[in-house]
Amino acid sequence: MRNRFLLFGSIGACIALASCTDAVGPPAGGPAWEGGGPQFDLVRHTINILVEDPTAPPLEAYDLEFWVVQDEGASLVVNYQPSPTSASQRFMNLYIDEETELYRPDGSRVRDGDSVLITARIDLRQLLVTFGPEGLVFGDEPARLTMYWGNANLDLNRDGLVNELDTAIIRDLLAISYQSRGGEPWLRPRNQVKSLERQYIRTRLYHFSNYAISW
């Protein structure tokens, strides 16, 4: 079955085709996700979330909605508006494989052919996105999130300089962190992929809520 891709670009929304494999085992029984677990490391209640550089262009969309059909999959791509001052065009990619099973917050599996309305709310300043519906759980193959920091303010320790210390933070500490809901501890999914050259981090999503590039 073909995957449905939604691309938010300068020409608006469009649909494309793609395929992907990155199988992982399903959660035991597939019902509601409890938060934490062996695939996460506890970070802390307060983290350092990257912010956009003052010269960064706005995104092409900040409030997004699209339908995902069980057993069809989808992908959401969010880019920056074209700008000569932009260091990177990309901001985020959310990928849901056609093999990914969707579970409601009460633990019930979404029936084959039924759809779920996915929302993404992106912060106006921070590299942070909130996905909904809150409590949606992924089984079998988790969803995958890729976030890019190319247009972030890279003076990470806020000493007025971008130097070797900031480079070390990016290399050793920068990651995508997850928060179930506001006020709860931040968790860090394990087995993340980071590309220093292409300035992105990719992680698996087991559950929907807040995700941010942080250190």
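Values in this text are rule-based calculations from the coordinates and carry no lab data. Just so it is clear, the model here is predicted, and its values are computed rather than measured. Here the Cβ positions follow ideal geometry from the backbone for every residue, glycine too, while neighbour counts run over all protein chains shown.
Okay, here's what the table says:
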quantity	calculated
Among 190-200, 93-103, the order from most to least packed when residues are scored by Cβ within 10 Å on average	93-103, 190-200
Burial ranking of peptide ranges 69-81, 52-64 (average Cβ count within 10 Å, highest at the top)	69-81, 52-64
Amide H contacts under 5 Å for TRP186, placed H, 5+ residues apart	VAL43, ARG44, HIS45
The range 104-176 and the range 185-215: distance between their alpha carbon centers, rounded to Å	6 Å
Modelled FRET efficiency - R0 25 Å, ARG125 with TRP67, Cβ distances, 0.05 increments	0.30
Length-normalised contact order for the range 131-192 - Cα pairs under 8 Å, 6+ apart - percent	17 percent
For ALA56, net neighbour charge (Lys/Arg +1, Asp/Glu -1) across residues whose Cβ lies under 14 Å away	-3
Table column - 3J(HN,Hα) (Hz), the range 89-95, Karplus curve with 6.51, -1.76, 1.60, x for Gly and Pro	8, 9, 10, 7, 9, 10, 10
Residues with amide H under 5 Å from that of ILE118, placed H, sequence gap 5 or more	PHE66, TRP67, VAL68
